[in-house]
Amino acid sequence: MKLENTLVIVADLGELKAFNIKQHEGIVGDKIKISYSLELINNENFIEGRKQISEVMSDNSGRFGHDTLEENDLKIEIENRTILEIAQDIENIVKSIQPKQLFLAFPKEHNRELTDKLGGQTKAILKKNIALNLVKTDKQKLLSHFE
């Protein structure tokens, strides 16, 4: 698999990490060995996406842990805004870096919503899209998820 000029983005509703893939060549015995590593180029936090509804709304009506329709609508609105913000950040990173291919990992629950919000040029270079949350995965192990 050729990985030159490849961008790896892992994200969830609270964080986005973007990595460039760096190629390393070494000589082992009489053979040239090629290995790859990830270089962090962007790390964004989406504070609103991490907040619980109880942190956004006060409990003025004396409710204790009961969701209302209003709270559910607010949760959906926060998720939609966060997904749009993540998609815009991905677009900006792709325009800035101009990679030949993009590998993306985003949780299954909202993966399709995110990819639907990406522009045509970004979708054209999106070679691998994994419906997993890999934000907390050690960067040394990230590439193995895209093989």
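The values are calculated or read from the model by the stated rules, or taken from the named source; none is laboratory data. Small disclaimer: the values here were computed from a predicted structure and weren't measured. Every residue, glycine as well, gets a Cβ built from its backbone with ideal geometry; the counts of neighbours run over all protein chains shown.
Starting from the stretch 73-86, take each residue that is closer than 19 Å to N43 by Cβ and list its partners that are of a type in the set (F, W, Y), counting only C-beta distances under 8 angstrom and pairs at least six apart or across chains. So the pair list comes out as T82/F46; E85/F46; I86/F46; I86/F106. Only one of the listed residues (I21, I41, I32, I47) is more than 25 Å from the chain's Cα centre (by Cα), of a type outside the set (F, W, Y) and modelled with pLDDT of 50 or more. That residue is I32.
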